[in-house]
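Asker: One structure is given below, represented as structure tokens, and several questions about it will come after.
Coordinate-derived values only; no laboratory data. Predicted model only: the values in this text are computed from it and were never measured. We place every Cβ from the backbone using ideal geometry, glycine too, and count neighbours over all the protein chains shown.
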Amino acid sequence: MEKVSMMIKLLVVLCLIGDALCKSKKPHHHPDDHPTSSTFDFFYFVQQWPGAYCDAKGKKCCFPGSGKPTTDFSIHGLWPNYNDGGYPSNCDNTKPFDESEIEELESRLEKDWPSLACPNIGTKFWAHEWNKHGTCSSFSSQQEYFQAGLDLKDQTNLLQALKDANIEPNDEFYNVEDMKEAIKEKIGYYPWIECNRDSDGNSQLYQVYICVDANGKDLIKCPVLPSGNCASRVQFPKF
């Protein structure tokens, strides 16, 4: 009887320890965990080089109704993220995209935040960005969200940062680390660079990720970087 009593006590202690350990574990976020949570740690501000998008293997590009965009980086998105690499998405279906809310910004968005997909999807691209990412952000309105992206583009001015380091979109190949250094010289923090490949298999400068505080204004050191690697030297294609 005494042995049975001791075993019961031991089991109770083990259960209590196990419960305490479970409660002390730090929660891990994943894209599929709590997909409608609007809490997040920082933004990825992602800009795309249109020359690489249009030159990518097996891909075509179509220009918006306003015509071919200027030779400059365009905005892909402003995406809330967690420090562990996960992200929230589609956080509030009660606030769907409403084009009338960004009417004053449309001419600027067509220039600096265009869709190059074929066939051109026009405002559906902005709708996707707002519904998936904007509804999880710290901005209370669509106008504030898209204006923040436009302001960040002005603030970072990636093309000028690269040109200041004699890195030009001329189909030449450049050292990726030199590109990162040139951007850091301009914005104060290292970016993450994503590459793609053209039909000849050349690795190209495709997208630049910059990290932004959850307030959507202040640039920060990236808490975590996306996965993937570029070649040591990549092409900066013409557009």
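Asker: Restricting to Cα pairs below 8 Å that are 6+ residues apart, what does the relative contact order work out to for the stretch 118-213? Please round to a whole percent. Intermediate results must be reported in sequence, preceding the final value.
Answerer: Working: 62 pairs, mean separation 13.6, N = 96.
After rounding, I find 14 percent.
Asker: May I pose another question? Using per-residue counts of other Cβ atoms within 10 Å, averaged over each peptide, order 167-176, 68-77 from highest down.
Answerer: Those peptides, ordered most packed to least, come out 68-77, 167-176.
Asker: For the stretch 165-181, just list the computed ³J(HN,Hα) in residue order, Karplus coefficients 6.51, -1.76 and 1.60, θ = phi - 60°, integers in Hz, with x standing in for Gly and Pro.
Answerer: Running phi through 6.51 cos²θ - 1.76 cosθ + 1.60 with θ = phi - 60° gives 9, 6, 10, 10, x, 10, 6, 7, 9, 10, 6, 4, 5, 5, 5, 4, 5 Hz.
Asker: So for each of 90-96, 80-86, 58-64 I average, over its residues, the number of other beta carbons within 10 Å; can you give me the resulting order with the highest mean first?
Answerer: Going by the mean number of other Cβ atoms within 10 Å, highest first, we get 80-86, 58-64, 90-96.
Asker: Please say if the stretch 134-239 is rounded, prolate or oblate, where rounded means a/c under 1.5 for a ≥ b ≥ c the square roots of the C-alpha gyration tensor eigenvalues, and otherwise the choice is prolate for a/b larger than b/c and oblate otherwise?
Answerer: Cα axes put the stretch 134-239 in the prolate bin.
Asker: Would you mind putting 140-150, 212-222 in packing order, based on average other-beta-carbon counts within 10 Å, highest first? Don't jump to the answer; show the numbers that get you there.
Answerer: Numbers: 140-150: 18.4, 212-222: 15.7.
Order by mean packing, descending: 140-150, 212-222.
Asker: Tell me whether the stretch 50-122 comes out rounded, prolate or oblate; compute the Cα gyration tensor, take square roots of the eigenvalues as a ≥ b ≥ c, and use a/c under 1.5 as the rounded threshold.
Answerer: Oblate, because a/c is 1.5 or more while a/b does not exceed b/c.
Asker: Give Lys60/Lys124; Lys95/Lys124; Lys124/Lys186 a once-over and call out the pairs whose C-alpha atoms are over 21 Å from each other. Please list the in-between numbers first.
Answerer: Details: Lys60/Lys124 18 Å; Lys95/Lys124 15 Å; Lys124/Lys186 33 Å.
Long pairs (Cα-Cα over 21 Å): Lys124/Lys186.
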